[in-house]
Structure formats: structure tokens, C-alpha cells
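The block underneath contains the structure these notes are about, expressed in C-alpha cells.
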Amino acid sequence: MPNPLLKLWLAFCALLPLGIFLLIGASYKPPETLLYWPWIPSLDIPFSLRLDGLSVLFASLISGVGFLVQLYAIAYMKPYKGRAAFHLYLTLFMLAMLGLVLADNLLLLFVFWELTTLTSYLLIGFNHEKEGSRKNALQAMLVTGTGGLAMLAGLIMLGEMAGTYSISAIITQGASLAQQPWFTPSLLLILLGAFTKSAQFPFHFWLPGAMAAPTPVSAYLHSSTMVKAGVYLLARLLPVYGDSTLWFTLLCSAGAFTALWCAIQAYRQTDLKLMLAFSTNVILGQLVMLIGIGSSYAVTAALLLIAAHSFYKAGLFMVVGNIDKATGTREYHELAGLRAVLAISFTAALVTAASKAGLPPSFGFLSKEYLYKAGLEFGWVLSGTMLLANAIMVALALLILIKPFLKPHHPKAAPMKAVEHNQLLWLPPIVLALLSVIVPVALLNWYQGVIIDPAASVMLATPQVKTVKLWEGLNLPLLLSALTLLLGILLYVAYPRLKPRLDQLLSGLPSGPAVYQHLLNAVIKLANWQTRVLQHGHLTQYSLQFFLVLLAFLGTVLWQIHPLPSIEWDLYYYDVVLAVFLVIAAFVVVKARTLLLAVAALGTIGFLTTMVFLVYSAPDVAKTQLLVETLLVVFIAIVLRHLSAVSSVPRHSTSRRIIHACVAAGIGISITLALWIITAVPMNQEISEFYAQTSVSGGKGRNIVNVILVDFRAFDTLGEAVVVVIAGLAAVAVLAGKRINKLVSETDKEHR
């Protein structure tokens, strides 16, 4: 792309999210704004967008953080080839996430859900020349895509239970749907989709694997977009499933275990980017747990934590990206003295790490206080689990901040170079760092009125919104926060000695990527076995398999119909004559020992079938049958010279012929019984009358069969014609190829 055009494209990609952010602010009028366009009216699927407290929070973060990430990517991706395509993928990813959080229809939400999966695949695998990028992109797509398909089934069950696919209408029904038989299956399937998307255990492993993506993708993916899609869905459906004991149990147990387990995994890492990646799993687990609790304190804590995490996580990823650019490594043991060349990035890291650790007066501190308030309502188990996970988060914040920036540079440390001459590398993280302090200090009342109150009224059936305060005096949550900081400092000090022991202790446990790879290999082996069994290349085997399946279906249905309906036999002599000749012709086809006799008998069957149509007053069908049979006989006669003689074809074994005879007899009997049952039931004339009444007015023709084929079933007829043409072209190509091969072989012989 020429340089001026590239600059114009980059400016558009950066300004688009900013414009969307401003549009959301201008359009949002609590409690909600609903935009509605008919999309697929025949299926009652509208393109409806809903902007309320919950969706405006996510949409603002997606577009606002997206604007800063696009700015950062302009500088970060400058040396990369294909940066124009990268910004396109990033923009499509943003639009898909916006559609997901704004959709007011379950099926529309699913469409955008899968679009985020596809666009994230493009972003994670952007460095496609690297095997790791391709592998991790596929891993993320398979895990989240499989969960998305399960979720689709759950959404359909939910829509059918509620009698509508409108999310706003379903929410008004609330927990009244709990008495429906599909309530529990829909809950489990939707949770499966949400857990895979938001990387809950045991699906947590795909998210750290997504670190194969460039740093701007990680900053965006982890802070505001795809990984929080599952959290958004759970928050949106809290009024429907929130009173279920199963909902509470699964979300609290999965969320708490994910948070603690991934905090331990983050503590074991030496790559700063992987530390941040696993710590994202920790926050996602805490958010899932809070939504599972579903109290007013829990909802308030979740709404605070969503924004706080977006600010500090995107900022920290950008800082780590700058470290990588300055040193060429992200390994903790190879970094030191970076404050000298990354002074502004250090300032951003200091503030965002403080928010990550939960130091006052940061946004992270505020969200952690209300997290403890929510946990204490349900005892010490959840609170203790979160305390340990948050203590590890404090240790991670210190690990990211102290040694890379504050320890003096030494000869063994990675060489450094200045990169902050490009303002777009440090401006976005500085803005995010400032927001981490400004919002809780100066804009808390605004955040309460615009986000927390409207969103809580959507999430809670009986809203009892808690007033958020930065300082509520000395209390138990504050004591737990102080204990968290103290324990985090101890974990940081013990890191050099504790990490090796932790690695040794957990080394024998199976890892998520290894289990995933084993499952993938098993699926591939199953597919190969199935291909060997079903796609073996033997035409007779294919025919036998097809007729066995047909017989199974027919037999299963017909076996359930008893007694057989009575039928009045009104036969004439010509009916009997035609039937006898048809049976004789079929017997000749089976027993013929020459191809010519078999073709003649087969043609006889077709012409006798034409006589049947004529006898029963279907001249148009008879004419079509006659033409088809004539052409078929001609074609087969032409092909005869390319076929081997019947006598040269090996005969099947006696047991195989008995099987064939049984299958043929079974299908013949089943078809006879089916026709018997069909003809005994009065025929519904509604469709016939419709075609008779509309063939002239709609199709401008009096030949009803022709009008059906050419007008009412035009696309079907066109498809059939295309199939015939393609088959003919393929046959010509095969025959031509054989001739060419024959000529080539003859030419080679002459040269020799």
C-alpha cells in the first residue's frame, strides 16, 4: 500500500473507535436506547441493538481502549509487514465485540460471538510464518468455537422456553423460566460457551497461548474484548439464572478455582507477558465468581473490577511491549535498569501496577474492597481464596515493576535502546494509568450514576444498589486488603526460592495444552479410522452401506406402525400385466450375463414405468420418464465399450450375495409397506390446489409440472442442471486425461 494511502488508512482505523466512543456517549440516555431493524423477518430475527447500563460499560471500554490500542499499534507495528491488514483485523475484531455487547437478540448475539472467534484467529495467528502462532490461533478458535456451538443450543432452548429471542423480553421473565424442562440443559450449555470464551478452568490454557499474537492484540484481547464476552453473557443472563442453586455452585466453584490456580501458574512464569496473561485468568475467575454470588455487593464489585482491570491490564501489556522493543526480550531474569531508557513507561507501569496490586486510591483498590465485601457475605472460603489469589497478584505487580525498572543495569542484563522517541508508544499507557486514578478519585459519583446504577438495575431482579465510596473507614475488607499487600510482599521476596520448588511440585501434573493436543490427536485418529471405513473407494461397498442405512430408517419407522391400515384393492388386468412384466425385467437385470441384455432389461423397466404413468393419467411425467429412459439407454450404450464384460467381473461370495438379497428384499418390503400406508390415508390436496390456483397467475403457464420446475422450484432445477453439467465436465476431463496418458506412454515407448 502506498505510504500516503497507508497513513490515511491508519488514521481511519484509529479515529473510528474514537468516533464510536463519542457516539455511544451522545446516544446513551438511561435506562436504555433500543435500535431496531428487520433483518430476517421470515424467521422473526431482527437486527436490534440495546444500549443500557451494562452494554454501555462494555461498549465504552471496547471503543475507548480500542482507540488507545490502535494508536499504540501504529507505533508498535511499524516494522511489521502487512500492518494495514493488521489494523483491518483489529477493527473488525472491535466491531464484532461491539455487536456482541449491543445485540438484543440471542441469535444475533451468537453471530457476533462467532465473528469474534474468527477475527481473534486472524489476530493471534498474525505472525503466520511461525508455527507457534498458527498452532495457538487454531487452539483458541477450536476451544472457543466448540463452546460457542454448545452455547447456540442453549440459546435456542432459552429462546424457545421464553417464546422470544429478544434478550430484553427474556430478562423481564426472569426466574419464572426455572420451571421449564429445558432450564437446566440451557443453563449448562450456555455456561459451557461462556467458560470457554472467558477461559475458565479447564479451558483456561488457550488464553496464555494467545500470547503468540503481537502485543497490541494482547493488550486489547485481555483488557476489554473477547475474554470478557463470556463475563458479559453471564452478567446479562443473571436475572434469568441467578436464583438457581446450580448457577451459584458452578460459577462460584469454577471462578474461585480458576482464579487461584491461574494465580499460581502466573507466579511460576518468567516471561512478563505470560505473567500478565495468567493474571487475566485470575480476574476472569473473580468476575465469574462475583456474578455467581449475584448479590448487590457482588454486582457492584464486578462492575468496578471490569473497568479497573481494563485500564491497568491494557497499560501493563503496552509497557511490556515497550520493554520487548527496548531489549528484545521479556524474560524476567534478563531485565534490569530499564528506567534509564523507559522513563515514561516506568511512570505508567508504576501507576498501573499499583492498581493491579490494589493500592489506594487506585481503581484496583476500590474494586478489591468490594470484592472482599461480596465474599464475606458468603463466608471465609471464597474470601480466603480471593485473598491468596490477590496476594499473588501483588507479587506479580512487584515482579513486573522492581527488577526490570529499579534494579541497576549489569553486564548480564539484556542491552537496552531508547524507543520512547515515538510518542505513541508511551502516550496510551500513560492515559490508561491516569484513568486508573482519576476515575476513583474524581469521577466516582459519575461512574455510580451512569454505569453502576443502570447496570445493576439490569443485572439484579430487585436492585439494591450499593453506594460506592473510596474510603469507608476501618473495616474488615480494609484489613483483608492490608493482609493481601503484606502477603504479596512476602511472596515477592520468596520468589527466587519458592518458584523452583513450586515448579518441581507441579511438574508431574498434566498441562492444559498437552491434554488439548492429546484430544486433538484422538479426534484426528478417529477421523482417519472413519475415513478408512467409509471412504474405501469400493462402489459396491458404498451402495451396500447406503441401502443398509435406508433399510434401518425405514424399518425403524414402519415397525412402530401397527396394525396396518386396510386398503381396498381395485385392480385391473393391465395393472397385473404391467406388474408381472416389471418383475420379470428386474429379474433379467439381476441375472443377465451380458451387458447388452442388462441394459435392454433396464430400459424395459423404464419404459414399463412410463406405461404406469400413462395408465394413471400423468402424461407430463410419462413424457419426462420416456425422455430420461431413452437418453439413459443411449448413454449406457456409449459407455459399454469402456466397460469390462460381465463374465470377467469376479463374483461375490455366497454369504455376500445372501446379504445383498436380504437387504434388497427388506427395502422392497419396506417400500411396499410405506406405499400401502400412504395410499390408505386420504391425500392432503392443499399443496396441489395451491399450484393449480397459482400456476397461471404466478407462473404464467397452464402446464403445472413445468411451472413447478421452472418457477416455483427454479433454484432447485437450476442446481440439478448444474450438477449434471459438472458431472459431465468431470467425465470428459477424466476420459481426456486417460487419452493424454495413453498418448504420453506411447510416445515414450517410441523414443525408447
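The values are calculated or read from the model by the stated rules, or taken from the named source; none is laboratory data. Remember, it's a predicted structure, so these values are computed and weren't measured experimentally. For neighbour counting, all protein chains shown are included, and Cβ atoms are generated from backbone atoms with ideal geometry for every residue, glycine included. Protein only, heavy atoms only, side chains kept; ligands, DNA and RNA dropped before computing areas. Shrake-Rupley method; radii C 1.70, N 1.55, O 1.52, S 1.80 Å.
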Here, chymotrypsin sites (Phe, Trp or Tyr not before Pro) of region 377-430 satisfying both criteria (DSSP loop; at most 12 other Cβ within 10 Å) are none
Debye calc, one equal point scatterer per Cα of region 326-393, no solvent, log10 I(q)/I(0) at q = 0.19 1/Å comes to -0.81
By accessible area (1.4 Å), largest first, Asp575, Asp620 order as Asp620, Asp575
Applying the gyration tensor rule to the Cα atoms of region 61-143 (axes a ≥ b ≥ c; rounded if a/c under 1.5, else prolate if a/b exceeds b/c, else oblate), the class is oblate
Applying the gyration tensor rule to the Cα atoms of region 555-708 (axes a ≥ b ≥ c; rounded if a/c under 1.5, else prolate if a/b exceeds b/c, else oblate), the class is oblate
Quick P(r) readout (region 178-330; Cα-Cα; 10 Å bins; whole %) gives 12, 41, 30, 12, 4, 1
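I need the calculated FRET efficiency for the pair Ser253 and Leu544, taking r as the beta carbon distance and R₀ as 60 Å, to the nearest 0.05.
Given R0 = 60 Å and the Cβ-Cβ separation, E is 0.75.
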With +1 at each Lys and Arg Cβ and -1 at each Asp and Glu Cβ, the charge dipole magnitude of the chain around its Cα centre, to the nearest 20 debye, comes out at 2780 debye
For the chain, the percent of accessible surface on carbon and sulfur atoms (probe 1.4 angstrom, ligands and nucleic acids excluded) is 70 percent
Scoring the chain by relative contact order with C-alpha pairs under 8 Å, at least six apart, yields a percentage of 10 percent
For the chain, the percent of all C-alpha pairs falling in each 10 Å bin, from 0 up to the bin holding the max distance, is 2, 11, 18, 18, 13, 11, 11, 9, 5, 1, 0
Given 676-684, 115-123, 473-481, the highest-first ranking by average Cβ count within 10 Å works out to 115-123, 473-481, 676-684
In nanometres, the difference between 0.36 nm per residue of separation and the alpha-carbon distance of Gln173 and Phe715 is 190.9 nm
In this structure, among Lys7/Lys417; Lys81/Lys228; Lys273/Lys525; Lys356/Lys403; Lys197/Lys403; Lys368/Lys407, pairs with alpha-carbon gaps over 24 Å are Lys7/Lys417; Lys81/Lys228; Lys273/Lys525; Lys197/Lys403; Lys368/Lys407
Amide H proximity to Phe47 below 5 Å, modelled H, separation 5+ or other chain, gives Trp37, Trp39, Ile40
Mean accessible area per residue over region 491-548 (1.4 angstrom probe, all protein chains present, square angstrom) is 77 Å²
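With Cβ to Cβ distances under 15 Å as the rule, what net charge do the other residues near Gly606 carry (K, R +1; D, E -1)?
On the way: positive: Lys623; negative: Glu629.
For residues surrounding Gly606, the net value is 0.
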Once the dipole of region 409-558 is set up from charges on Cβ (+1 Lys and Arg, -1 Asp and Glu), the residue from the list Gly512, Pro500, Val431 lying farthest towards its positive end is Pro500
Row for region 1-148, column shape: gyration tensor on C-alpha, a ≥ b ≥ c, rounded if a/c < 1.5 i.e. under 1.5, prolate if a/b over b/c, else oblate; value oblate
Given a 1.4 Å probe, the accessible area of region 320-413 per residue, as a whole number of Å², is 33 Å²
Taking a probe of 1.4 Å and leaving out DNA, RNA and ligands, region 636-697 shows per residue an accessible area in Å² of 75 Å²
Farthest towards the positive end of the dipole of region 8-108, among Leu100, Leu22, Leu51 and with Cβ unit charges of +1 on Lys and Arg and -1 on Asp and Glu, lies the Cα of Leu22
Quick tally, 1.4 Å probe accessible area for Leu443, Leu207, sorted with the most first, runs Leu443, Leu207
